[in-house]
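Chemist: One structure, pasted below without further comment.
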Amino acid sequence: MSHKRHINRAISRREFLRRSALTGAGAGAAWLLAACGTVATPAPAPTEAPAAATPVPATATPEPVAMAVETPEIIHGTYNPNWANTVLNELADHFGWLEEEGIEAQEIIIVDQTQIFPALIGNSLLFAQQDTDALAGANLQGEPLRYIATFRDKEPWILGVGPGIETVEDLYGKPVSGGAAGSRNEFNGKEMVRRLGGDPDQIEWVPVAGGSDSRVEAVNAGVIAGTVMFDRHRALILDNGGKILHDDLEEVPQDCFCVHENWLKDNERTIIAYLKATTRARQYYHDLDNKDELISILESRGYEFPQAFIDQYDRAVAINSPTGQFSIEAMETLIADSVKTGSLEKEIDWREFTRMDYLNEAYKELGMDDMVVDYS
């Protein structure tokens, strides 16, 4: 696959909706605006999670499998142009792993997150990255969108505070933000307070728009006393005289690669080929000895690496799943927590929306049968 045939671009919402209308995604857009989930399936009984998978060996090489893909030109969508969101697709293209599997061209499109599902419904996108709770909610609504591999299986839980705050009790009666009211970030913030021995009900939780960037600015300006934040903002908090009260990585299959069932059933070889190529990309990405070369590759593809990103490179790698798999316990916890936060209307059996047999087949074809996980 030549780099000339690879396209990585953002499109405007207006252009996206115009393209979607031509492919029938307009109905999907209307569906997406509906309230999430009205019919529930009973939650499954707790199931013992499979043993944690070991990182994919960086030396693994695939066994030749000469099978033609159904769709040799694919379109992958994501909602964030940050290099950490597209790294697996970029590496799979750069090293020719997609082409080796029969995928001749890949287009990466950056779109508003709310348009991911309508695009998959209308085939404007064939593969996409999306939040797991959102995918579960779509399935509750009756839309057969399928989780085919985990993208990030860790979630940073970081609570940063401003000058003068030494303990969690110092936050009592003060404004703290986790972003939108009732969001997962706010839920995480309250749980961090509990883990620190505090009472989140003694804190004033306020919404702050604009993501972690805006929330950290609000802390440093003295508008709020603390916030749930991203790794890359540590220096901003610390340099301003603040501190980090809580800092941990939680096992959470927070987002995934997904496809629509209607496309999946006619493109099984394409899906396996895609997963084989991106699994090889995971191998390369998770070898920290490749850091300098990886940065050079992505810079040549138009990505910028400010020092804050370079400083947090290891953490960015750590939250990306090294295998594409998930533990059943972590998935069931995510679903239960999503109901508590309101991002899911009802609980759902994760088996309804996951299709991990394609990733298992990819591992078999890569000669890595020991990586196969039984999710039954």
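Chemist: Using the structure shown, decide if ALA318 is out of contact with any helix residue (DSSP H, G or I) (no Cβ under 9 Å at 6 or more places or on another chain), surrounded by fewer than 18 Cβ atoms within 10 Å (Cβ to Cβ) and either modelled with pLDDT under 95 or among the hydrophobic types (A, V, I, L, M, F, W, C) (or both).
Modeler: Yes.
Chemist: Give segment 77-117 a look and list any residue that's of a type in the set (A, V, I, L, M, F, W, C) and under 16 Å from the mean Cα position of the chain (by Cα), or say none.
Modeler: Restricting attention to segment 77-117, the residues satisfying the condition of being of a type in the set (A, V, I, L, M, F, W, C) are 83-84, 87-88, 91-92, 95, 97-98, 103, 105, 108-111, 116-117.
If the condition is that a residue be of a type in the set (A, V, I, L, M, F, W, C) and under 16 Å from the mean Cα position of the chain (by Cα), then TRP83, ALA84, VAL87, LEU88, ILE108, ILE109, ILE110, VAL111, ILE116, PHE117 are the ones that fit.
Chemist: So, one more: Just checking, which of ASP374, ASP337 is in contact (Cβ under 8 Å) with a residue 40 or more places away in the chain, out of contact with any Asp or Glu (no Cβ under 6 Å at 6 or more places or on another chain) and assigned to a loop (DSSP other than H, G, I, E, B)?
Modeler: ASP374
Chemist: Turning to a different aspect of this structure: Would you mind stating whether GLU217 is free of Cβ contacts under 8 Å to residues at least 40 places away in the same chain and surrounded by fewer than 20 Cβ atoms within 10 Å (Cβ to Cβ)?
Modeler: Values: free of Cβ contacts under 8 Å to residues at least 40 places away in the same chain: yes; surrounded by fewer than 20 Cβ atoms within 10 Å (Cβ to Cβ): yes.
Answer is yes for this residue.
Chemist: Pairs please, first residue from segment 346-364 and of a type in the set (Asp, Glu), second anywhere and buried (at least 18 other Cβ atoms within 10 Å of the Cβ), Cβ atoms under 7 Å, 6+ apart in sequence or on different chains.
Modeler: From segment 346-364, the pairs are GLU347/ILE335; GLU347/VAL339; GLU352/ASN139; GLU361/ILE272.
Chemist: What is the residue count in segment 243-258 for residues that are closer than 18 Å to ARG152 by Cβ, aliphatic (A, V, I, L, M) and at pLDDT 95 or above?
Modeler: 1
Chemist: Still on this structure: Considering only segment 79-182, give the helices (runs of 4 or more DSSP H) lying wholly within it that have at least 3 residues that are among the small types (Gly, Ala, Ser). Please lay out each step first, then the result.
Modeler: Numbers: elements: 83-94, 97-100, 116-122, 132-140.
Passing ranges, in order: 132-140.
Chemist: Here is a follow-up. Any idea which of LEU238, LEU264, LEU275, LEU196 is exposed (fewer than 14 other Cβ atoms within 10 Å of the Cβ), of a type in the set (A, V, I, L, M) and either over 24 Å from SER327 (Cβ atoms) or touching a residue at least 60 places away in the same chain (Cβ under 8 Å) (or both)?
Modeler: LEU238
Chemist: Determine if segment 205-220 includes at least one residue that is aliphatic (A, V, I, L, M) and under 27 Å from GLU332 (Cβ atoms).
Modeler: no
Chemist: Here are some residues: GLU217, GLU166, GLU186. Which one is of a type in the set (Asp, Glu) and closer than 21 Å to GLY342 by Cβ?
Modeler: Residue meeting the stated conditions: GLU186.
Chemist: Of everything in segment 326-367, what is farther than 16 Å from LEU140 by Cβ, touching a Lys or Arg at 6+ places or on another chain (Cβ under 7 Å) and surrounded by 22 or more Cβ atoms within 10 Å (Cβ to Cβ)? Give them in sequence order.
Modeler: Hit for segment 326-367 is ALA362, nothing else.
Chemist: Of everything in segment 247-305, what is of a type in the set (Lys, Arg) and touching a Leu at 6+ places or on another chain (Cβ under 9 Å)? Give them in sequence order.
Modeler: Initial filter on segment 247-305 (of a type in the set (Lys, Arg)): 265, 269, 276, 280, 282, 291, 301.
Result: LYS276, ARG280, ARG282.
Chemist: Let me ask something additional. Restricting to segment 285-303, what's the tally of residues that are free of Cβ contacts under 8 Å to residues at least 60 places away in the same chain and under 23 Å from HIS233 (Cβ atoms)?
Modeler: 4
Chemist: Return a yes/no flag: does segment 287-300 have any residue that is outside any helix (DSSP H, G or I), closer than 30 Å to GLU352 by Cα, under 22 Å from the mean Cα position of the chain (by Cα) and not assigned by TED's automatic domain parsing to the domain that holds LEU196.
Modeler: Within segment 287-300, not a single residue is outside any helix (DSSP H, G or I), closer than 30 Å to GLU352 by Cα, under 22 Å from the mean Cα position of the chain (by Cα) and not assigned by TED's automatic domain parsing to the domain that holds LEU196.
Chemist: Please verify whether ALA181 is out of contact with any Asp or Glu (no Cβ under 7 Å at 6 or more places or on another chain) and in the same structural domain as ASP349 (by TED's automatic domain parsing), treating the condition exactly as stated.
Modeler: No: the conditions fail for ALA181.
Chemist: I'd like to check something: does segment 156-163 contain any residue that is surrounded by 22 or more Cβ atoms within 10 Å (Cβ to Cβ), among the hydrophobic types (A, V, I, L, M, F, W, C) and over 20 Å from the mean Cα position of the chain (by Cα)?
Modeler: yes
Chemist: Report whether or not LEU236 is more than 30 Å from VAL372 (Cβ to Cβ), in a helix (DSSP H, G or I) and not assigned by TED's automatic domain parsing to the domain that holds SER183.
Modeler: Criteria not met by LEU236.
Chemist: So, one more: Checking LYS340 against (1) in contact with a strand residue (DSSP E or B) (Cβ under 7 Å, 6 or more places away or on another chain); (2) at pLDDT below 95, which test does it fail?
Modeler: (1)
The values are calculated or read from the model by the stated rules, or taken from the named source; none is laboratory data. The shown structure was predicted, so the numbers you read here are calculated from the model rather than taken from an experiment. When we count neighbours, we look across all protein chains shown, and the Cβ atoms used for this are built from the backbone with ideal geometry, even at glycine.
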